[in-house]
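The values are calculated or read from the model by the stated rules, or taken from the named source; none is laboratory data. Computed from a predicted structure; not experimentally measured. Cβ sites come from the backbone with ideal geometry, for glycine too, and all protein chains shown count toward neighbours. Ligands, DNA and RNA are excluded from the accessible area calculation, which covers all protein heavy atoms including side chains. Shrake-Rupley method; radii C 1.70, N 1.55, O 1.52, S 1.80 Å.
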Amino acid sequence: MTTLIENIGRLVQVEREIRPFVAGDAMSILPEIENAYLLVEDDVIKAFGPMSEAPETADQVVDAEGRFVLPAFCDGHTHIVYAGSREHEFIDKINGLSYEEIAKRGGGILNSAKRLHDTSEDGLYEQALERVYEMIGFGTGAADIKSGYGLSTEDELKMLRVIRRLKETTPLTIRANFLGAHAVPAAYKGRQGEYVDLICNEMIPAVAEEGLADFIDVFCDKGFFTVEETARMLEVGAKYGMRPKIHANELDVSGGVQVGVKYNALSVDHLERTTAVEIECLRNSNTIPTILPGTSFFLGLPYGNAKDMIAAGLPVALASDYNPGSTPSGNMKFVMSLACINMKLTPAQAINATTINGAAALGLAQSHGSIAVGKKANLFITKKIPSIDFIPYAYTTDIVEAVMLNGEFVI
Ligand code: NIG
Ligand code: FE
């Protein structure tokens, strides 16, 4: 089955040679072809180029009528398997409580853990499925989805089985991330070390036994897990083939970046608080700094220092962090707007950070994140818009006309 998309006003983020990521100054460049065609065969990109070189016909022909085509977004950090929502805490925040204060009172992650415990696997799947299609509607084609609202072996496995089912039944490319170390559960209050033992001795082996996780995550931050505990869990995870992608430096300069880099994390995420030391550490690593501006927006935290990271030659990625507590949104276009407005990224830098670098942060740079021959046909066609810069500029305008994932139009 072949699909020809013709008369594309701008075909954006094209690559003749597949790059592992885009770093530093190169993040300002967004390669594109004006008046282009794109040919898809089955689920992969077969060819692209100027309209003058377009093939005569295909099984299916779509006239883009000057609209733009971009690779689907790659969202390297989400928590979309959760039960219910937490707008009560939104009100608490309006009334002056901080994220940490809410967590200390048993709200936050523990609130979601209780709700998740009381929800069936099917019920959880149905709720998460809606969020998957919501994200696809915003133009997302690949995502990391974390566990971490189970906090017992049984409930963590329940979450990860839901993620596996989403992998099997939706067109979104999904990587599963085991986040048993998201918070210390109520039953282990005052016995954090014993909970870390449980993760190392029981949860990780059980998750590995069922092959349920691609990655391992730890919330390495003030009031959550220490650097030493993180190191221990990442070491055990590595024995079971789970590469780290961790939460670091959201609430404090936590040492999370350094421990992540030490254990060869694919990405260190959040990074609301970093210094020159963290940037230097990342410069000598294979770890992708992933910034989550939606969290800064919703919790009123500082925005990550993307500018200095890019100036230091790093490949910065942006992700949504879609979750019920700190970022109830999976809209990557809005994430880009926040990054442009608050972190002073240019639209080109923001698009690189949500496409190629997002793919790199998922370990998917060979197959996702750009328009390249042989890559998965994961892309979206825009509505009629005047320019690429319009995308983050018009920060609430829906610009997605159609979404193709794995070579099929799903929206
Ligand atoms: O990435 N920071 C830790 N975890 C999530 C929030 C989880 C929650 O509040 O439910 C985050 O922001
Ligand atoms: Fe998170």
Would you be able to say whether some residue in region 366-383 is aliphatic (A, V, I, L, M), more than 26 Å from Gly300 (Cβ to Cβ) and open to solvent by 20 Å² or more (accessible area, probe 1.4 Å)? yes
For region 250-280, what are the residues that are open to solvent by 30 Å² or more (accessible area, probe 1.4 Å), assigned to a helix (DSSP H, G or I) and of a type outside the set (Val, Ile, Thr)? Gln258, Lys262, Ala276, Glu280
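Which one of Thr346, Thr396 is in the same structural domain as Gly9 (by TED's automatic domain parsing) and either touching a Gly at 6+ places or on another chain (Cβ under 7 Å) or surrounded by fewer than 24 Cβ atoms within 10 Å (Cβ to Cβ) (or both)? Lay out the reasoning, then the answer.
Working: Thr346 fails: in the same structural domain as Gly9 (by TED's automatic domain parsing).
Answer to the check: Thr396.
The rows are residues; the columns are (1) within 16 Å of ligand 1 (Cβ to nearest atom); (2) of a type outside the set (Asp, Glu).
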site: Glu156; (1), (2): yes, no
site: Lys167; (1), (2): no, yes
site: Thr173; (1), (2): no, yes
site: Ala181; (1), (2): yes, yes
site: Asn201; (1), (2): no, yes
site: Thr230; (1), (2): yes, yes
site: Asn249; (1), (2): yes, yes
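Restricted to region 71-89, and to residues that are open to solvent by 50 Å² or more (accessible area, probe 1.4 Å) and within 23 Å of the chain's Cα centre (by Cα), which residue is farthest from ligand 1 (Cβ to nearest atom)? Break it down stepwise before answering.
First pass over region 71-89, keeping only residues open to solvent by 50 Å² or more (accessible area, probe 1.4 Å): 85, 87-88.
Now restrict to residues that are within 23 Å of the chain's Cα centre (by Cα): 85, 87.
Working: Ser85: 10, Glu87: 13 Å.
So the residue we want is Glu87.
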Somewhere in region 133-143, is a residue among the charged types (D, E, K, R), in a helix (DSSP H, G or I) and under 24 Å from Phe224 (Cβ atoms)? no
Among Asn264, Asn323, which is the only one that is at positive phi, in the same structural domain as Ser112 (by TED's automatic domain parsing) and at pLDDT 95 or above? Asn264
Take the residues in region 189-220 that are open to solvent by less than 10 Å² (accessible area, probe 1.4 Å) and within 16 Å of ligand 2 (Cβ to nearest atom), then tell me which one is farthest from Glu272 (Cα to Cα). Ile216
For region 149-171, name all the residues that are open to solvent by 10 Å² or more (accessible area, probe 1.4 Å) and in contact (Cβ under 8 Å) with a residue 60 or more places away in the chain. Pro171
Flagged pairs (Cβ under 6 angstrom, 6 or more apart or on separate chains; first in region 193-214, in the same structural domain as Pro244 (by TED's automatic domain parsing); second among the small types (Gly, Ala, Ser) and outside any helix (DSSP H, G or I)) are Ile199/Gly180; Ile199/Ala181; Met203/Gly180; Val207/Ala213; Ala213/Ala176; Asp214/Ala176
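Considering only residues that are exposed (fewer than 15 other Cβ atoms within 10 Å of the Cβ) and farther than 18 Å from Glu401 by Cα, look in region 56-70 and name the one that is nearest to the chain's Cα centre (by Cα). Let's see the steps before the verdict.
To start, the set of residues in region 56-70 that are exposed (fewer than 15 other Cβ atoms within 10 Å of the Cβ) comprises 56-57, 59-60, 63, 65-66.
Those left that are additionally farther than 18 Å from Glu401 by Cα: 56-57, 59.
Working: Glu56: 38, Thr57: 36, Asp59: 34 Å.
Only one residue fits best here, namely Asp59.
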When you scan region 346-411 for helices (runs of 4 or more DSSP H) that lie fully inside it, which ones turn up with 2 or more residues that are within 19 Å of Asp75 (Cβ to Cβ) and among the β-branched types (Val, Ile, Thr)? 347-354
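Condition check ((1) open to solvent by 10 Å² or more (accessible area, probe 1.4 Å); (2) away from ligand 2 (no atom under 16 Å from the Cβ); (3) closer than 13 Å to Glu250 by Cα; (4) not assigned by TED's automatic domain parsing to the domain that holds Ala248) across all residues:
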position: Arg283; (1), (2), (3), (4): yes, yes, no, no
position: Thr287; (1), (2), (3), (4): no, yes, no, no
position: Leu299; (1), (2), (3), (4): yes, no, yes, no
position: Ala311; (1), (2), (3), (4): yes, yes, no, no
position: Ala317; (1), (2), (3), (4): no, no, no, no
position: Pro328; (1), (2), (3), (4): yes, no, no, no
position: Met332; (1), (2), (3), (4): no, no, no, no
Only strands (runs of 3 or more DSSP E) wholly contained in region 1-68 count here; list those with 1 or more residues that are within 30 Å of Leu345 (Cα to Cα) and out of contact with any Asp or Glu (no Cβ under 6 Å at 6 or more places or on another chain). 2-12, 32-41, 44-50
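Answer yes if at least one residue in region 45-53 is farther than 29 Å from Arg243 by Cβ, open to solvent by less than 60 Å² (accessible area, probe 1.4 Å) and touching a residue at least 60 places away in the same chain (Cβ under 8 Å), and no otherwise.
Yes, the conditions are met somewhere in region 45-53.
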